[in-house]
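Note sheet for the following structure.
Coordinate-derived values only; no laboratory data. Since the structure is predicted, the reported quantities are computational estimates derived from the model, not experimental observations. Counting neighbours? That spans all protein chains shown, and the Cβs are built from the backbone with ideal geometry, glycine included.
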Ligand code: AMP
Ligand code: FE
Ligand code: FE
Ligand code: ZN
C-alpha cells in the first residue's frame with residue numbers, strides 16, 4: 001500500500017489503479033458515537049488488524065468520532081476518510097445516505113443532524129414506554145447502554161433488552177420487538193433524502209446512497225427516489241453490502257452505469273453489534289479516488 005497510495009496531499013496516486021487489487025478500502029463503519037460497540041480509536045485498531053489500508057468512520061448523524069479516529073489512524077499509519085450516515089425518510093420509509101468529507105460546521109446540515117438526533121431520543125423513550133408493560137424495560141436500562149452525546153438507536157434498546165434477559169442478542173431483540181412494523185416501533189424525524197443530497201453538496205461533501213436495495217432487511221428504496229436523488233447531485237451508490245443480494249447489486253450497478261455514479265463496497269461494521277466483519281466488502285481504489293476528487297476539500301482525509 002505504501003507504494004500504491006501516495007501522498008501527503010490527500011490524493012491516491014494514479015498509480016493506485018495498477019495496484020488496486022492490493023489496496024483494501026472499507027468505507028462504512030460505526031463506533032460507540034452511534035450504534036457500534038467499539039470506540040472510534042478501537043474501530044481503527046480493528047481495521048488495521050483486519051488488514052485494511054483505508055477505512056471510513058460513518059456514524060449515524062454524528063461527526064464526534066472523527067477526531068479520535070483520525071488521531072489513532074495516523075498513529076497506525078492507516079488511511080482514514082471522515083464520513084457520516086445520515087438518517088433520511090420519505091413516505092414514512094427510512095433510507096440512509098452516506099456522506100464523506102462534509103464541512104461539519106455547515107449550519108443547515110448540522111441543524112438537520114441535531115434535529116434527527118433529538119428526535120431519536122424522544123422516539124427511544126416512546127418505544128421504551130410501549131415495551132415496558134410486556135418486558136419490564138425502563139428508560140434507565142437503556143441509558144446504561146450509551147455515553148453522552150451518542151446517536152441513540154434501536155440497537156441501544158436491543159442491548160438494554162439483552163441486559164434484562166428479554167433477548168439473547170441484538171438480532172433476537174430486533175426479530176421479536178424492534179423491527180419496523182412491530183407494535184413497539186415508533187419512527188423518528190429524518191430529513192427528506194433529496195434535501196439531504198443537496199445539503200451534503202452544499203457542505204462540500206460527497207453523497208453516496210447506502211444499501212439502497214437491501215432486500216435482506218426489507219429496506220428497499222424506490223427507483224423514483226433514487227432518480228430524484230441523482231438529479232439533486234447524488235455522487236455514488238453502495239453496491240457491495242451484505243444486505244444486498246446479487247440481483248440488488250446488479251440493480252445498483254445499473255444506476256452507477258446509467259448516471260456515472262461512484263460504486264462503493266463496504267462492511268457496515270458495528271463491532272459485536274452485528275455479524276458484519278471489516279473488509280468483507282471493499283471499494284476499488286479508483287472509486288475511492290473519485291470520492292476524494294468530488295469533495296470541495298479532501299484534506300480531512302488521511303493517507304499515509
Ligand atoms: P434506528 O436507526 O434506530 O432505526 O435503528 C436502525 C439500526 O439498527 C441500523 O443502523 C442497524 O445498525 C441496526 N439493526 C437493524 N436490524 C438489526 C439487527 N437485526 N441486528 C442488529 N442490528 C440491527
Ligand atoms: Fe446502525
Ligand atoms: Fe445504514
Ligand atoms: Zn451503517
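Side notes on the structure shown:
- Rg to Rh, two decimals, where the chain supplies the alpha carbon set and Rh follows Kirkwood: 0.96
- Helical runs (DSSP H, four residues minimum) scored at -39500 (n - 2.57) apiece and divided by the length of the chain put the mean residue ellipticity at 222 nm at -11500 deg cm²/dmol.
- Centre-to-centre, using Cα atoms only, the stretch 176-223 and the stretch 59-81 are separated by 23 Å.
- Listed residues 141, 61, 284, most fluctuating in the chain (Gaussian network, C-alpha, under 10 Å): 141
- DSSP bridge pairs, the stretch 37-133: antiparallel proportion in percent, nearest 5: 55 percent
- Exposure proxy order (Cβ contacts within 10 Å, fewest to most) of 151, 122, 283: 122, 151, 283
- Between 0 and 90°, nearest 10: helix 193-202 axis offset from the chain longest Cα axis: 40 degrees
- Relative contact order (percent, whole number), the chain, Cα cutoff 8 Å, 6+ residue spacing: 26 percent
- Residue with peak Gaussian network fluctuation, the chain [Cα springs, cutoff 10 Å], from 193, 140, 207: 140
- Between helix 223-232 and the chain: long-axis angle, C-alpha atoms, 0 to 90°, nearest 10: 50 degrees
- Footprinting exposure proxy ranking of 183, 293, fewest other C-beta atoms within 10 angstrom first, gives 183, 293.
- Among 259, 80, 146, sorting on how many other beta-carbon atoms sit within 10 Å of each Cβ, with the fewest leading, yields 259, 146, 80.
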